[in-house]
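Taking it in order: structure first as structure tokens, then the write-up.
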Amino acid sequence: MDVSQYLEIFIDETKEHLQTLSDQLMILEQEPENMDTINEIFRAAHSLKGMAGTMGFKRMQRLTHDMENVFQEIRSETMKVEPELVDVLFRGLDALEGYLAEILETANEGTEENEDIINSLNSIAEKATGKSSDGDAAAAPKAEASAAVNASAGEIKYDTIQITDFEKNTFDKAKNENQNIYGITVYLQETCILKAARAFLVFKALEEMGEVIKAVPDVQDIEDEKFEMDFSLVYFTKESMEKIKNAIESVSEIREAVIGPFEANGSAAAPQAAAKPEEEKPDAPAAAPKPAGNAPAAQQAAPKPAAKQAAKKAPAKAAKPTVGRTVRVDIEKLDVLMNLVSELIIAKNGLVSMSSGDETETKSETGFNEQIEYLESVTTNLHESVMKVRMVPIESVVNRFPRMIRDLNKKLGKKMELHMTGEDTELDRTVIDEIGDPLQHLLRNSADHGLESNEERIALGKDEVGHIYLDAYQDGNNVNIEVRDDGAGINIEKIKNKALDRGTVTEEQAAAMSDKEFIDLLFRPSFSTAEKITDVSGRGVGLDVVKTKIEGLGGSIECKTELGEGSSFIIRLPLTLAIIQALMVEIGAEKYAIPLSSIQTIEDVAFGEVKQVQTKEVINLRGTVIPLIRLDKLLDVEPGEFKPESLTVVIVKKGDKQAGLVVDNLIGQQEIVIKPIGDYIRCSKLISGATILGNGEIALILEANTLV
């Protein structure tokens, strides 16, 4: 049975269980007596163990099995949760995430055994309970001469397997090679659902230590789940019965394995049965074909089970799984989507009917306009519905950060807490995929640079525990994410001195720069104020990476700070990257689109109101001085023949900053589909993409954030 088809499902569900483990371990560290949390961790570990076992990831299964054992002892109240145990459990969680990362990369769990973590778990359990982790194995019977090794005296069904004369040749060869010949009956739990999957894992485990010669029912029937809750095997191996039994029973949902020596001339294999054609026996598997030539007897044995062949081929087929591009959608949203598509088809049929009808010209024109309005309404609703389908709560990104802050707490020796709000705020899936790393940079920056040491905070009269806040909220067509702290704030003088030392600015430039401009220097590549390099920060990467990533998503970032009070980084992101509302404008003979989310107002400004300040054009709009940007000069567009009596100015805003974009003409508001220009065209940051207009023309989309 090929389980690779379930790999994507396994990865998605494993991510959820690992996140559950992380969240619950964080709670457990604060509330070690919380039985609800203990039960939730036990369930997550148990589910992970079963899933890993089904997929054949034995190392992952073993680690989760040991974690599950520890929590079983805690649930039984034979041991208590201690800080040492929580630390080991977090190491175990990191190891499980390492396995998942390896599976994402190679579709295989790798070779890391994590023996130190397993030994630590077992050692803590032994110390707390007084029970040895391998006590059960030591107490198990080791006498291989017994007829069977089993825990609950299950029925021995393998002695009914009939062996042909040809198959007996392989028995002689096995004995000559000092191999053990065992009969095995495997019993599944009554609650087992994926019987074929469990059987496949049994075959896979056995093929690593020997060779399955015969199975009843045959392998094809087992793969097709055409069997009850047990199956029997004849098996050649050099390993002990105890080891084989343990290997089988380590597979999830296996109730018991009954194993014992097998004789080819047993009672079930009567002498006359060998001479009679095997296919005439309705209850026995078909005999193997007669060997050809002088091939070795072992090679002429019954065909190898398909399970063995699948196991051997698996490494060649293993490929990097394609995951992480899925979205879970509420069925009601899909119902709405389906209804809108139905209405779209109705609108299309109406237009087709009108084009082939013989109505009068006036009626035809009226009906056509009505159909266009109807079509516009449907497409608008369709756009909104598709947006909702693509939206994912930001929770899927931020829920890993409490664990990160907990680790930084220990690494930096600072007491700190993370407070999050707005985790249910939704963003487009394409934005969600990219926003995690920038937020991680900002949080690490707050923890390392922002918060003072415990001693400094006490001396300043602050709470010894530093506080970091991550707030997400929707603001019109944008989502704002704010990362702030109650630390020392940004020292402008320190930035100024660093910039002068590095030659980033001159003395004259520094004298004319505002605090805001100095803070903007932090977003330059390789600019860091850290005095020493650590594994947390100080390498000059971080804020420049954050800014580049955010602007690549069509967003913006700004920083606010107050010395001694703390800092705040505000990220503004568009709800979706696919379809936006835009204002279409003309500049010369060319058409451009300005995203509506960036526009504050549109003003008609007389030429006489334009003033010069430090060689730059500005206007005074209701008490606010706003710089003007002549787009025709900036974009090198040929001026049009029309000479206006006043300036048409589109006021755009980014945070607290404003700018006035001078355009020649306003076309109107449109819903546009953003098309990427492509890497092969060298494009200024002024252009964020392009769109195709109704008449087939292409209009470039201006990135207002870079203009302000």
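The values are calculated or read from the model by the stated rules, or taken from the named source; none is laboratory data. Please read all numbers here as calculations on a predicted model, not as lab measurements. All Cβ positions, even for glycine, are placed from backbone atoms using ideal geometry, and neighbour counts span all protein chains on display.
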Checklist entry - Which ranges mark the helices (runs of 4 or more DSSP H) fully within region 115-227 that have 3 or more residues being modelled with pLDDT of 80 or more and within 16 Å of Lys243 (Cα to Cα)? => result 195-207
Checklist entry - Would a scan of region 33-52 turn up a residue that is among the hydroxyl-bearing types (Ser, Thr, Tyr), assigned to a loop (DSSP other than H, G, I, E, B) and either more than 30 Å from Val219 (Cα to Cα) or modelled with pLDDT of 90 or more (or both)? => result no
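Does Pro315 satisfy the condition of being within 30 Å of the chain's Cα centre (by Cα) and at pLDDT 85 or above?
no
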Checklist entry - Quick check: anything in region 577-593 assigned to a loop (DSSP other than H, G, I, E, B) and within 44 Å of the chain's Cα centre (by Cα)? => result yes
Checklist entry - Restricting attention to region 463-483, which residues are buried (at least 20 other Cβ atoms within 10 Å of the Cβ) and either among the acidic types (Asp, Glu) or modelled with pLDDT of 90 or more (or both)? => result Gly466, Ile468, Leu470, Ala472, Ile481, Val483
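Residues checked against (1) under 26 Å from Gly566 (Cα atoms); (2) over 20 Å from the mean Cα position of the chain (by Cα); (3) part of a loop (DSSP other than H, G, I, E, B):
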site	(1), (2), (3)
Met404	yes, no, no
Gln440	yes, no, no
Asn445	yes, yes, no
His449	yes, yes, no
Ile458	yes, yes, no
Lys462	yes, yes, yes
Checklist entry - Residues in region 602-643 that are surrounded by 12 or more Cβ atoms within 10 Å (Cβ to Cβ) and in a loop (DSSP other than H, G, I, E, B): how many? => result 5
Next on the checklist: I'd like the full set of residues that are surrounded by 20 or more Cβ atoms within 10 Å (Cβ to Cβ) and touching an Asp or Glu at 6+ places or on another chain (Cβ under 8 Å), limited to region 448-461.
Outcome noted: Gly450, Leu451, Arg457
Item to check | Lys498, sole failed condition from (1) more than 21 Å from Ile571 (Cβ to Cβ); (2) part of a loop (DSSP other than H, G, I, E, B); (3) in contact (Cβ under 8 Å) with a residue 12 or more places away in the chain | outcome: (2)
Item to check | Matching residues in region 47-62 - criterion: being within 21 Å of the chain's Cα centre (by Cα) and surrounded by fewer than 20 Cβ atoms within 10 Å (Cβ to Cβ) | outcome: Ser47, Gly50
Checklist entry - On the given criteria, is Thr78 in contact with an Asp or Glu (Cβ under 7 Å, 6 or more places away or on another chain) and at pLDDT 85 or above? => result no
